[in-house]
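Presented below is the structure to which this report refers.
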Amino acid sequence: MRRTPLLGLRSLALGAAAILAAQGISAQEATRDPVLDRMHDEAMAPAYTSAPGSLEKAAWGHAPIAFQRGENDVRRFECLRVQAELFSALGYVDGARLYLVEAAQHAEATDDPFNAAMTYVDAAILAKDSGESWEARDLAAKARALVSTPELDLTQRAAILDRLQPRS
């Protein structure tokens, strides 16, 4: 599988509206929890500083927030991916993989096969790096299965298949 860096925190924040549209959630169905939004912002604040331990403080402060978001919350996918980023940056690979799988399942459940597949690939890479070859194959198979989804265009299919190619 081709390694690419997990999405950056800033990219995730900027792409939230696009993710919502790709998920097919209408404005009437979409929810936004202002309390969780405030908690998210407060928990993430240390991540934007260079103070010692700030990334770890953000990671552990933010961890419960992503799972508290409802299925139609516009920031659920974003929060799950951000949490995976934080744990990955700190070397907590198992935690990062857990949040990536949850994000992929959420994207799949909200009819966003491209983000689901790409996130399954990220989780598969982490599983492979952890020596969990069976889990890596299972996660890669889930990504591969989404390639034939009619919602994907040829460019998206090619991007997924390219990421699934073994690299030396």
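The values are calculated or read from the model by the stated rules, or taken from the named source; none is laboratory data. Keep in mind that this is a model prediction, so the values were computed, not measured. Quick reminder, even Gly has a Cβ in these numbers, built from the backbone with ideal geometry, and neighbours come from all protein chains shown.
Name the helices (runs of 4 or more DSSP H) wholly inside segment 15-68 in which the number of residues that are of a type in the set (D, E) and either out of contact with any Cys (no Cβ under 6 Å at 6 or more places or on another chain) or at pLDDT below 90 (or both) is 3 or more.
Here the list reads 34-44.
Which number in (1) part of a helix (DSSP H, G or I); (2) out of contact with any Phe, Trp or Tyr (no Cβ under 8 Å at 6 or more places or on another chain); (3) of a type outside the set (G, A, S) marks the one condition that I160 misses?
Here I160 clears every test but (2).
Is it the case that Q83 is crowded, with 18+ Cβ neighbours inside 10 Å and over 30 Å from S54 (Cα atoms)?
Answer is no for this residue.
Does any residue of segment 81-90 turn out to be of a type in the set (A, V, I, L, M, F, W, C), under 28 Å from D37 (Cα atoms) and not in a helix (DSSP H, G or I)?
Yes - at least one qualifying residue is present in segment 81-90.
Could you tell me which numbered condition A109 fails, if it satisfies all but one of (1) surrounded by fewer than 21 Cβ atoms within 10 Å (Cβ to Cβ); (2) modelled with pLDDT of 95 or more; (3) within 26 Å of R75 (Cβ to Cβ)?
Among (1) surrounded by fewer than 21 Cβ atoms within 10 Å (Cβ to Cβ); (2) modelled with pLDDT of 95 or more; (3) within 26 Å of R75 (Cβ to Cβ), the lone unmet condition for A109 is (2).
Among the residues of segment 108-139, how many are in a helix (DSSP H, G or I), farther than 19 Å from L86 by Cβ and more than 14 Å from the chain's Cα centre (by Cα)?
7
Name, by its number, the condition in (1) touching a residue at least 60 places away in the same chain (Cβ under 8 Å); (2) crowded, with 17+ Cβ neighbours inside 10 Å; (3) over 21 Å from P64 (Cβ atoms) that does not hold for D162.
So the condition that D162 fails would be (2).
Looking at segment 69-80, which of its residues are modelled with pLDDT under 90 and of a type in the set (D, E)?
E71, D73 - these are the residues of segment 69-80 that are modelled with pLDDT under 90 and of a type in the set (D, E).
Yes or no: segment 57-77 includes at least one residue that is within 22 Å of I160 (Cβ to Cβ) and either surrounded by fewer than 16 Cβ atoms within 10 Å (Cβ to Cβ) or out of contact with any strand residue (DSSP E or B) (no Cβ under 8 Å at 6 or more places or on another chain) (or both).
So far as segment 57-77 goes, yes, one or more of its residues are within 22 Å of I160 (Cβ to Cβ) and either surrounded by fewer than 16 Cβ atoms within 10 Å (Cβ to Cβ) or out of contact with any strand residue (DSSP E or B) (no Cβ under 8 Å at 6 or more places or on another chain) (or both).
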